[in-house]
Amino acid sequence: MPHQPETSRGAATYQRILDAATEEFAQHGIAGARIERVVAAARTNKAQLYAYFGDKERLFDAIFLSSLERITNVVPIDADDLADWAVRLYDEYLRRPDLIRLATWTRLERRPAGHLVETHKQYDDRKVAAIAEAQAAGRVRSGDPFDIMAMVIAMSMAWSPVSNVYAASSQEPDDVHEQRRSLLRDCVRRATTPTDQPSPHRR
């Protein structure tokens, strides 16, 4: 665990390190990141960084786990409206493309198969339980709740910074994003509606 600073000045330095390291890791990955660039951008030194975080690997851990917490808290699941959840995830990727890049580097450099993190239950269990509850009530189609969650997340990432087709940008016109949101919303609704019910119309 990171060593939390005890003074306001230390807290400011700590946050600058986090901000600089987030950008560094998102751009270069774990192996390619350089502590020298991080401390220069954060206006501090290696000794201070290591005092707070220990080493580069643990610095990445702190940043990546924080990114998972952010997505979980800022974009909470609504199993009764998975289409809206997917759209909110799309918007979060536009606001914070670095979060998705961190996850991608983790997949490439650490865990090429299986769950992205060992502590996945901490981030997934509530989502899976919410989907299972909606399934039991007949509001979401049958299937493994985890797989449904994974499918909706994957659909939300269709235009994300890690897309191998097209990566969206917040600089694009609003009407372009609205078209994608509308398509995403409709497709997720169709994919998750119980098969014995008619597909809902677009809202």
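The values are calculated or read from the model by the stated rules, or taken from the named source; none is laboratory data. Everything numeric in this text was worked out from a predicted model, so none of it was measured. Neighbour counts run over all protein chains shown; Cβ positions are idealised from the backbone, glycine included. To get the accessible areas, we keep the full protein, side chains included, count just its heavy atoms, and leave off ligands, DNA and RNA. Shrake-Rupley method; radii C 1.70, N 1.55, O 1.52, S 1.80 Å.
Scanning segment 74-91 for residues that are modelled with pLDDT of 95 or more and farther than 17 Å from residue 150 by Cα yields a single hit, 91.
When segment 44-58 is filtered for residues that are open to solvent by less than 20 Å² (accessible area, probe 1.4 Å) and either charged (D, E, K, R) or not in a helix (DSSP H, G or I) (or both), nothing remains. Is it the case that residue 132 is in a helix (DSSP H, G or I) and farther than 22 Å from residue 92 by Cβ? Yes, satisfied. Filtered by the rule that a residue be open to solvent by 50 Å² or more (accessible area, probe 1.4 Å) and either of a type in the set (Ser, Thr, Tyr) or assigned to a helix (DSSP H, G or I) (or both), segment 10-36 gives 15, 16, 19, 23, 27, 28, 31, 36.
Looking across segment 116-133, just one residue is among the acidic types (Asp, Glu) and in contact (Cβ under 8 Å) with a residue 40 or more places away in the chain, and that is 133.
If you check 175, 196 for being without any contact (Cβ under 8 Å) to a residue 40 or more places away in the chain, farther than 19 Å from residue 78 by Cβ, in a loop (DSSP other than H, G, I, E, B) and of a type in the set (D, E, K, R), only one passes: 196.
Residues of segment 139-171 that are open to solvent by 30 Å² or more (accessible area, probe 1.4 Å), assigned to a loop (DSSP other than H, G, I, E, B) and either within 19 Å of residue 186 (Cα to Cα) or touching a strand residue (DSSP E or B) at 6+ places or on another chain (Cβ under 9 Å) (or both): 139, 141, 142, 157, 158, 159.
Of the residues in segment 51-69, none is within 25 Å of residue 95 (Cα to Cα), more than 24 Å from the chain's Cα centre (by Cα) and not acidic (Asp, Glu). If you go through segment 55-68 and pick out every residue that is in contact (Cβ under 8 Å) with a residue 40 or more places away in the chain and out of contact with any Leu (no Cβ under 9 Å at 6 or more places or on another chain), you end up with 2.
Each row is one residue, and each column tells you yes or no for (1) open to solvent by 50 Å² or more (accessible area, probe 1.4 Å); (2) free of Cβ contacts under 8 Å to residues at least 60 places away in the same chain.
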| residue | (1), (2) |
| --- | --- |
| 3 | yes, yes |
| 8 | yes, yes |
| 38 | no, yes |
| 42 | no, yes |
| 81 | no, yes |
| 93 | no, no |
| 102 | no, no |
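Counting just the residues of segment 104-128 that are of a type in the set (Ser, Thr, Tyr) and open to solvent by 30 Å² or more (accessible area, probe 1.4 Å), which one comes out farthest from residue 166 (Cα to Cα)? Restricting to residues being of a type in the set (Ser, Thr, Tyr) and open to solvent by 30 Å² or more (accessible area, probe 1.4 Å), the top hit is 119.
Please specify each residue of segment 71-112 satisfying the condition of being within 30 Å of residue 194 (Cα to Cα) and not in a helix (DSSP H, G or I). Across segment 71-112, the qualifying residues are 75, 76, 77, 78.
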